[in-house]
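Everything on this sheet refers to the single structure shown next.
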Amino acid sequence: MSVSVLTTVRRLSAATAVAAAVVGAAALPAAAAGHHSGRSHGVVYISNVRYDSTGRGARTNVALNQQWVAVTNESRRAVNLNGWRLSDAAGHTFTFHHYSLGARATVRVHTGIGRDTRSDLFQDRRSQVWDKSDTAKLRNDRGRLVDQVSWNQHRATGHPRQGGGRH
């Protein structure tokens, strides 16, 4: 009887270990597994927005580059953003090309013309995109909505992680 109990305990331990491994693998963030789930407020999200560079010289490249959307990766692994799109309510779209957002990193996507770096990308536009009342949407390479933030001149709405102002 003791051999039978010992064998049963071993089998239960092995089954428990396999179940824990399966549950652990399923619980990994989508970015860590190399897939983008498209669920809102995942590991990659819109963390900040600076909009509406109206006023004197608003069409200058300097003013346009003061207008940006920040995208943050809070995971421990880099996320390949190739094919991801950032768009506004009017349909202006920026597509990420050959860009990987590092672990726990943020990139600002500026409206104007500039030289891309790891932390700053440029849309190379000659007119503003983000207005006083607008919505920024981030979609993954499969077109699924990953995150969105809307605002008007008085307040911003988004998810709680981002806090209050986005201007």
Next item on the list: Can you work out which of the residues in the range 83-121 that are in a strand (DSSP E or B), β-branched (Val, Ile, Thr) and open to solvent by 40 Å² or more (accessible area, probe 1.4 Å) is nearest to VAL49 (Cα to Cα)?
Entry: THR106
Next item on the list: Filter the range 141-167 down to the residues that are buried (at least 21 other Cβ atoms within 10 Å of the Cβ) and part of a loop (DSSP other than H, G, I, E, B), then identify the one that is modelled with the lowest pLDDT.
Entry: ARG166
Margin query: If a residue must be in contact (Cβ under 8 Å) with a residue 40 or more places away in the chain and under 15 Å from TRP84 (Cβ atoms), how many such residues does the range 109-125 contain?
Written below: 1
Check: Taking the condition under 15 Å from TYR45 (Cα atoms), touching a strand residue (DSSP E or B) at 6+ places or on another chain (Cβ under 9 Å), of a type in the set (Gly, Ala, Ser) and surrounded by fewer than 20 Cβ atoms within 10 Å (Cβ to Cβ), does SER133 pass?
Finding: no
Next item on the list: Please go through the range 65-82 and pick out each residue that is touching a strand residue (DSSP E or B) at 6+ places or on another chain (Cβ under 7 Å) and open to solvent by less than 60 Å² (accessible area, probe 1.4 Å).
Entry: ASN65, GLN67, TRP68, VAL69, ALA70, VAL71, THR72, ASN73, ALA78, VAL79, LEU81
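The values are calculated or read from the model by the stated rules, or taken from the named source; none is laboratory data. Since we're looking at a predicted model, the values are computed, not measured. Note: ideal-geometry Cβ built from the backbone for every residue, glycine included; neighbour counts use all protein chains shown. Ligands, DNA and RNA are stripped out before the accessible areas are found, and what is left, the full protein with its side chains, is counted by its heavy atoms. Shrake-Rupley method; radii C 1.70, N 1.55, O 1.52, S 1.80 Å.
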